[in-house]
Amino acid sequence: IRQQYNLPSLSAAILKDGVVNRIGATGVREIGKETKVTTNDKYHLGSATKSMTATLAAIIIEEGKLKWKATLSDLFPELEIHEAYKDVTFDMLLSHRSGMFRGIPQYEEIAQAMESAPGVIEKRSIVSAHLLLKSPEFKPDTKDSYSNVAYVVAAHVLERITKRSWEELITEKIFSKLSMNSCGFGPLGNIHEATPSAPIAHISKQGTLTPIFTDNSPI
């Protein structure tokens, strides 16, 4: 499968009753270098954190601190919100029915504020306020449309309620509870290492793989 799809590396495991039954790894950590991947290597997880964030939200709701049907106008009472978003509920953010775009529209309007923001909570606050003021991509709750930024807003709701960062919350209430002790945040490896210490991200252009040192936005 790795060769068929021209992947730098690929790892897989079979679990039975929570125990690793088989595990394997094939390929190299970086194209053009000989360091092979191992079954102990960490890999980037992208949108898998959406299901983790939804689980985290359910925990906060079970703690009585939030409701699935809380509206955005209830959750952000101090913000000026576009009329179309006022009755959007928290669960619509998680189910991709909020009307929000996949990414951030007119990002240039907040680029300078984002760059000078002191931390990730402040950045999510800026993005949330920006998004809620813009008109939605479609009328909320009329169709499913995948949105990354809806989860940024949902994460910031949890931060506002708990007064703690999403990173702290997900580590304490998800990672630690499931013994996910190797999880971290940000990009893996470094393209400047002669011997890569972890699988490097790659980008494919016209079938050619190029190593890159990048990751999803910190927010």
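Considering only residues that are open to solvent by less than 30 Å² (accessible area, probe 1.4 Å) and in contact with a Phe, Trp or Tyr (Cβ under 7 Å, 6 or more places away or on another chain), look in region 155-169 and name the one that is farthest from Phe185 (Cα to Cα).
Val157
Residue check: is Glu80 assigned to a loop (DSSP other than H, G, I, E, B) and either at positive phi or in contact with a helix residue (DSSP H, G or I) (Cβ under 9 Å, 6 or more places away or on another chain) (or both)?
Answer is yes for this residue.
I'm trying to understand the selection: among the residues of region 165-219, which are of a type in the set (Ser, Thr, Tyr), over 16 Å from His44 (Cβ atoms) and part of a loop (DSSP other than H, G, I, E, B)?
Ser165, Ser176, Ser179, Thr195, listed by residue number.
I'm trying to understand the selection: among the residues of region 112-124, which are aliphatic (A, V, I, L, M), farther than 18 Å from Glu80 by Cβ and touching a residue at least 12 places away in the same chain (Cβ under 8 Å)?
The answer is Met114, Val120, Ile121.
How many of the residues making up region 55-77 are outside any helix (DSSP H, G or I) and in contact with a Leu (Cβ under 8 Å, 6 or more places away or on another chain)?
Number of matching residues: 2.
Filtering region 14-46 down to residues that are open to solvent by less than 60 Å² (accessible area, probe 1.4 Å) and assigned to a loop (DSSP other than H, G, I, E, B), which residue is nearest to Pro218 (Cα to Cα)?
Within region 14-46, the match that is nearest to Pro218 (Cα to Cα) is Gly46.
Just wondering, is there one or more residues in region 125-146 that are without any contact (Cβ under 8 Å) to a residue 24 or more places away in the chain, in a helix (DSSP H, G or I) and either under 18 Å from Ser73 (Cβ atoms) or not acidic (Asp, Glu) (or both)?
So far as region 125-146 goes, yes, one or more of its residues are without any contact (Cβ under 8 Å) to a residue 24 or more places away in the chain, in a helix (DSSP H, G or I) and either under 18 Å from Ser73 (Cβ atoms) or not acidic (Asp, Glu) (or both).
Tell me, yes or no, whether region 40-61 has at least one residue that is hydroxyl-bearing (Ser, Thr, Tyr), out of contact with any strand residue (DSSP E or B) (no Cβ under 7 Å at 6 or more places or on another chain) and at pLDDT below 95.
yes
Just for region 83-103: of the residues that are outside any loop (DSSP other than H, G, I, E, B) and more than 20 Å from Pro218 (Cβ to Cβ), which one is most open to solvent (accessible area, probe 1.4 Å)?
My answer is Glu83.
If I filter region 104-122 down to residues being outside any helix (DSSP H, G or I) and not polar (S, T, N, Q), which single residue comes out as nearest to the chain's Cα centre (by Cα)?
Ile104
Of the conditions (1) surrounded by fewer than 15 Cβ atoms within 10 Å (Cβ to Cβ); (2) under 23 Å from Leu178 (Cβ atoms); (3) among the hydrophobic types (A, V, I, L, M, F, W, C), Ile1 fails just one. Which one is it?
The single condition Ile1 does not satisfy is (2).
Which of the residues that make up region 170-196 are more than 14 Å from the chain's Cα centre (by Cα), exposed (fewer than 12 other Cβ atoms within 10 Å of the Cβ) and at positive phi?
Ser179
The values are calculated or read from the model by the stated rules, or taken from the named source; none is laboratory data. Since the structure is predicted, the reported quantities are computational estimates derived from the model, not experimental observations. All Cβ positions, even for glycine, are placed from backbone atoms using ideal geometry, and neighbour counts span all protein chains on display. Note: accessible area is taken over every heavy atom of the protein model, side chains too, but ligands, DNA and RNA are not part of it. Shrake-Rupley method; radii C 1.70, N 1.55, O 1.52, S 1.80 Å.
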